[in-house]
Amino acid sequence: MVQYYRPGGPFFVGDCMPFFHEGTLHLYYLLDENHHQAKGGLGAHQWAHASTTDLVHWEHHPLAIGITEEREGSICTGSTFFHDGIFYGYYATRMLDRTQHLSLATSRDGIHFEKQSPNPFASPPPGYSPYDYRDPFVFRDEESGHFHLLVTASLEPYALQGRGGCLAHLVSPDLARWEVREPFIIPGYRGAPECPDYFRWHDWYYLVFSHAGVARYRMSRQPYGPWVRPAVDTFDGTMARVIKTAAFCGDRRIGVAFLGTR
């Protein structure tokens, strides 16, 4: 079982990024060294990986996406997307100056990833904070065929000081050329909504993001809103940090989080 699993030594599990493909649940997660203190406080996170077909027996794989260059202060949270035989691993790179940029690695088997050029492939556009541009999540609009990228971001400046945290929205026809659109949502919290997740299930569209580590969700009958905020909009308590979801066998959906130890 992977429940309550922790790597050995000074390492901990950070943000989890579940992904389901052809009967296998891939659990990518941030390998956190000494509670974000590695590499001068930049984090030095890397993508670790375990997989299962039954949620009981798990296989641990080598690092999926690791730090390979000095300029990479951290390989941050992202998402995996499968298209035309290729696994796309979208993530954010925290640079040595603490700015955040979007990067991509690809794989043929979901296990061995290679970073692509240009890397990073996108940076915060004008009007967005250079220190909040991370957690990319990709989905495809099946009607238009276009790909959509949701990104944790902050608008600068913003009419309500400190409330400009949003999910930036980029659209692409081919997973190569990305156009910045209006923010997908500005929830109004102080700070940026983190680690977005988006999916359709039983004729509802769900948008998930975390604030202060607690996952919240919105729902809509339409793919791009308007979004309804349920009276209780959280999945779990404060100990279940940054829940993200993935489909699973039998019309099930699995939520995965990490548990803090501090």
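Miscellaneous remarks
- Filter pass, Gly66 being buried (at least 20 other Cβ atoms within 10 Å of the Cβ) and in contact with a strand residue (DSSP E or B) (Cβ under 7 Å, 6 or more places away or on another chain): no
- Contacts under 6 angstrom Cβ, first residue in the stretch 176-199 being part of a strand (DSSP E or B), partner surrounded by 14 or more Cβ atoms within 10 Å (Cβ to Cβ) and polar (S, T, N, Q), 6 or more apart: Glu194/Thr152; Glu194/Ser210; Cys195/Thr77; Cys195/Ser210; Asp197/Thr245
- Only a single criterion out of (1) within 22 Å of Leu30 (Cβ to Cβ); (2) of a type in the set (Val, Ile, Thr); (3) assigned to a strand (DSSP E or B); (4) open to solvent by 30 Å² or more (accessible area, probe 1.4 Å) is not satisfied by Thr238, namely (3).
- Note on the stretch 107-132: residues that are of a type in the set (Ser, Thr, Tyr), closer than 16 Å to Leu175 by Cβ and open to solvent by less than 30 Å² (accessible area, probe 1.4 Å) amount to 1.
- Any hit, the stretch 148-156, residues being out of contact with any Cys (no Cβ under 6 Å at 6 or more places or on another chain), closer than 20 Å to Asp197 by Cα, part of a loop (DSSP other than H, G, I, E, B) and open to solvent by 20 Å² or more (accessible area, probe 1.4 Å): no
- Residues (more than 20 Å from Gly164 (Cα to Cα), basic (Lys, Arg) and part of a strand (DSSP E or B)) located in the stretch 79-135: Arg94, Lys115
- A search for C-beta distances below 9 Å between a residue of the stretch 217-231 that is charged (D, E, K, R) and any residue that is open to solvent by 60 Å² or more (accessible area, probe 1.4 Å), counting only pairs 6+ apart in sequence or on different chains, returns Arg218/Val228; Arg218/Arg229; Arg221/Asp203; Arg221/Trp204; Arg221/Val228.
- Flag if Gly89 is in contact with a helix residue (DSSP H, G or I) (Cβ under 9 Å, 6 or more places away or on another chain) and buried (at least 20 other Cβ atoms within 10 Å of the Cβ): no
- Being open to solvent by 40 Å² or more (accessible area, probe 1.4 Å), out of contact with any Lys or Arg (no Cβ under 7 Å at 6 or more places or on another chain) and closer than 27 Å to Tyr128 by Cα is true of Ala176.
- Taking the criterion of being touching a residue at least 60 places away in the same chain (Cβ under 8 Å), in a strand (DSSP E or B) and open to solvent by 20 Å² or more (accessible area, probe 1.4 Å), the only residue of the stretch 136-147 that qualifies is Phe137.
- Condition met for Gly164 (touching a strand residue (DSSP E or B) at 6+ places or on another chain (Cβ under 9 Å) and surrounded by fewer than 17 Cβ atoms within 10 Å (Cβ to Cβ)): no
- Residue within the stretch 243-261 that is open to solvent by less than 20 Å² (accessible area, probe 1.4 Å) and at positive phi present: no
- Residues being of a type in the set (Gly, Ala, Ser), modelled with pLDDT of 95 or more and either open to solvent by less than 20 Å² (accessible area, probe 1.4 Å) or assigned to a strand (DSSP E or B) (or both) - total across the stretch 203-235: 3
- The set of residues from the stretch 14-47 being open to solvent by 30 Å² or more (accessible area, probe 1.4 Å), assigned to a strand (DSSP E or B) and over 26 Å from Ile86 (Cα atoms) comprises just one member, Glu33.
- Checking the stated criteria, Glu59 turns out to be open to solvent by 70 Å² or more (accessible area, probe 1.4 Å) and part of a strand (DSSP E or B).
The values are calculated or read from the model by the stated rules, or taken from the named source; none is laboratory data. These numbers were taken from a predicted model, which means no experiment stands behind them. Glycine also receives a Cβ, built like all others from the backbone with ideal geometry; neighbour counts cover every protein chain displayed. What goes into the accessible areas is simple: the full protein's heavy atoms, side chains included, and nothing from ligands, DNA or RNA. Shrake-Rupley method; radii C 1.70, N 1.55, O 1.52, S 1.80 Å.
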